[in-house]
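Written out below as structure tokens is the structure these notes cover.
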Amino acid sequence: MRQHTLIGLLMASLLAPAAAHADERADFLQKAYLSFCVKHLDNYAGLRQQLIEQQLPKLPPQQAGHFLQQQAGDAWPLPYQGQFGQFVLVLPEGDLACSVMARSGDRTEIRRWFVSLAEQAPAPLLATALDDASVDTPLSGPASQLSWQWATEHAPRRLVLSLTTAEKPDAPIQAKASLALTER
């Protein structure tokens with residue numbers, strides 16, 4: 001029951017009308033992240049089943065493995081402006097994490113909405129910045145990674161929100177927004 005209350009609090013705070021975004025791709029990434037990863041954080045297995053039942057085109061295992069970084073799981077290309085291939089929804093096996101990846105988008109705009117979102121954990125959760133570091137990733141090469149934690153003070157589990165943005169404009173994946181439920 002507490003998890004459903006948590007979901008309600010998250011959705012109320014996150015799905016409030018947002019200010020207009022200068023970059024449509026950043027806006028789409030945010031909407032996909034909220035609609036898939038945040039909305040379904042209490043039931044990624046149910047989301048996976050729903051996508052399968054709707055017969056949405058799923059990437060074959062070899063292509064999905066690229067986005068899953070060779071972990072088990074599934075990946076779906078998301079339609080954007082009538083085409084597939086610009087955004088990918090990734091659900092690793094275990095149903096404790098979800099990511100949305102974008103091939104392009106304004107890095108500054110993406111970071112702006114992500115920080116705005118991450119800083120505002122709904123009560124009683126506390127938002128704590130975990131990391132703002134340079135990393136080297138297989139999908140983006142040199143990148144910047146932001147991570148935030150949402151949790152109550154003594155909770156055994158926490159939500160970790162993370163964003164990785166490529167430093168090079170020609171990187172194959174420009175942004176990856178993730179949400180994971182982890183043990184402390």
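So, of the residues in region 165-184 that are part of a strand (DSSP E or B) and polar (S, T, N, Q), which turns out to be surrounded by the fewest Cβ atoms within 10 Å (Cβ to Cβ)? Looking at the filtered set, the residue picked out is THR182. Candidates are the residues of region 94-145 that are at positive phi and assigned to a loop (DSSP other than H, G, I, E, B); the one that is surrounded by the most Cβ atoms within 10 Å (Cβ to Cβ) is GLY105. State whether one or more residues within region 149-156 are under 15 Å from the mean Cα position of the chain (by Cα), part of a strand (DSSP E or B) and under 21 Å from ARG103 (Cβ atoms). No: zero hits.
Residues that are under 16 Å from the mean Cα position of the chain (by Cα) and of a type in the set (Ser, Thr, Tyr) within region 113-128 comprise just one, SER116. Specify the residue that is nearest to TYR44 (Cα to Cα); the eligible residues are those in region 60-86 that are of a type in the set (A, V, I, L, M, F, W, C) and exposed (fewer than 15 other Cβ atoms within 10 Å of the Cβ). Once the filter is applied, the top-ranked residue is ALA72.
Keeping to region 47-63, report how many residues are modelled with pLDDT of 95 or more and under 18 Å from LYS176 (Cα atoms). Number of matching residues: 1.
ASP42 satisfies every condition listed in (1) in contact with a His (Cβ under 9 Å, 6 or more places away or on another chain); (2) assigned to a helix (DSSP H, G or I); (3) without any contact (Cβ under 8 Å) to a residue 40 or more places away in the chain except (2). Flag not set for SER162, criterion: part of a strand (DSSP E or B), free of Cβ contacts under 8 Å to residues at least 40 places away in the same chain, more than 30 Å from ILE52 (Cα to Cα) and hydroxyl-bearing (Ser, Thr, Tyr).
Of all residues in region 165-184, which are farther than 15 Å from LEU89 by Cα and either touching a residue at least 24 places away in the same chain (Cβ under 8 Å) or of a type in the set (Lys, Arg) (or both)? The answer is THR165, ALA166, GLU167, LYS168, ALA171, PRO172, LEU181, THR182, GLU183, ARG184. For region 85-93, the count of residues that are touching a residue at least 60 places away in the same chain (Cβ under 8 Å), farther than 27 Å from ARG158 by Cβ and part of a strand (DSSP E or B) is at least one.
The values are calculated or read from the model by the stated rules, or taken from the named source; none is laboratory data. In this text, all values refer to a predicted model and were calculated from it rather than measured experimentally. FYI the Cβ positions are ideal-geometry reconstructions off the backbone, even for glycines, and counts take in every protein chain you see.
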